[in-house]
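The values are calculated or read from the model by the stated rules, or taken from the named source; none is laboratory data. All values reported here derive from a predicted model rather than from experimental measurement. These area figures cover heavy atoms from the full protein model, side chains too; ligands, DNA and RNA do not enter into them. Shrake-Rupley method; radii C 1.70, N 1.55, O 1.52, S 1.80 Å.
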Amino acid sequence: MLLVASFALAGCGNNANKEAEPAETKVEEKATDAKESVDKKAEDKKDAIDEKAEDAKDAVDEKAEDTKDAVDGKADDAKDAAKDAAEKELEKDVNAGENK
């Protein structure tokens, strides 16, 4: 009788272990799923930050290009005005020489 009881107890222990293993596997699966979810969210946030940084860089580059174009335009205008003034001065000198 004692032998039968010990087999019965041994059998119960095995069943408990069999039930514990699937529960442990489910916990591991949930932990893995949670980690993957966190990793995905982190990657999405990183991508969003990278995209915002790229947009900001593009905006700065565009503003710099606009500023350069404006400065170049003003420089061209100043150069043209100086050239016109020099030509008028030269014409004035030529006319003054002819009138002598």
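Could you tell me whether ASN17 is among the polar types (S, T, N, Q) and modelled with pLDDT of 70 or more?
no
Given LYS63, LYS83, LYS74, LYS79, which one is open to solvent by 80 Å² or more (accessible area, probe 1.4 Å), within 34 Å of the chain's Cα centre (by Cα) and modelled with pLDDT of 95 or more?
One residue alone meets the criteria, LYS63.
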